[in-house]
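The values are calculated or read from the model by the stated rules, or taken from the named source; none is laboratory data. Remember, it's a predicted structure, so these values are computed and weren't measured experimentally. Here the Cβ is made from the backbone with ideal geometry for all residues, glycine too, and neighbour counts use every protein chain on show. Just the protein is used for accessible areas: all its heavy atoms, side chains included, with ligands, DNA and RNA removed. Shrake-Rupley method; radii C 1.70, N 1.55, O 1.52, S 1.80 Å.
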Amino acid sequence: MPRRCPVLGLPLTVGAARSASSPSLDRINPAEGYRPGNVRVISDQANRLKSNRSLEQVVQLSQRGAPERRAQYAAVAAYMEREALLAEVKRKAAIDPSPSKPWQVIADFLESRFREYMPR
């Protein structure tokens with residue numbers, strides 16, 4: 001589990017009452033459910049902002065939503081864009097016939113970088 005939310009950068013707090021910084025399982029693609037490869041630990045606040053919204057809906061909220069939440073929605077949109085990119089690279093890796101597996105190398109690299117990513 002990360003120490004900080006990879007979306008909003010909040011320190012994740014375990015063992016306390018539920019709060020914005022409580023860890024929460026995010027279904028990267030809500031239609032695919034809670035399965036290995038489709039979940040990330042993010043803050044409860046980030047997960048509530050994302051909800052079941054599409055990337056387009058979150059981007060719209062980052063531009064026209066409540067002014068005090070726009071930056072957070074922008075961070076959620078960036079997270080969703082990263083996850084969409086990773087999903088596309090993993091899809092290509094799964095069908096790549098080449099022996100050197102360049103798409104898998106890229107997918108592994110992105111996966112490790114996204115785990116380390118901390119918003120600024």
*On average over all directions, what projected area in square nanometres does the chain have, based on the convex hull of its Cα atoms?*
8.1
*Using Cα pairs closer than 8 Å and at least 6 residues apart in sequence, work out the relative contact order for region 34-78, in percent.*
35
*asked:* Are there any chymotrypsin sites (Phe, Trp or Tyr not before Pro) in region 23-115 that are in a DSSP loop and have at most 12 other Cβ atoms within 10 Å? List them by number.
replied: TYR34
*In the full protein assembly as shown, how much of ASP26 is accessible to a 1.4 Å probe, in Å² to the nearest 10?*
0
_For region 1-84, what does the relative contact order come out to in percent, with C-alpha contacts under 8 Å and a separation of six or more?_
26
*Rounded to the nearest 500, what is the 222 nm mean residue ellipticity of the chain from helices alone, with -39500 (n - 2.57) per DSSP H run of 4+ residues and division by all residues?*
-15500 deg cm²/dmol
*Alpha-carbon centroids, region 88-114 and region 46-85: separation in whole Å*: 26
_Largest to smallest accessible area among ARG40, ARG70, ARG64 [probe 1.4 Å]_ = ARG64, ARG70, ARG40
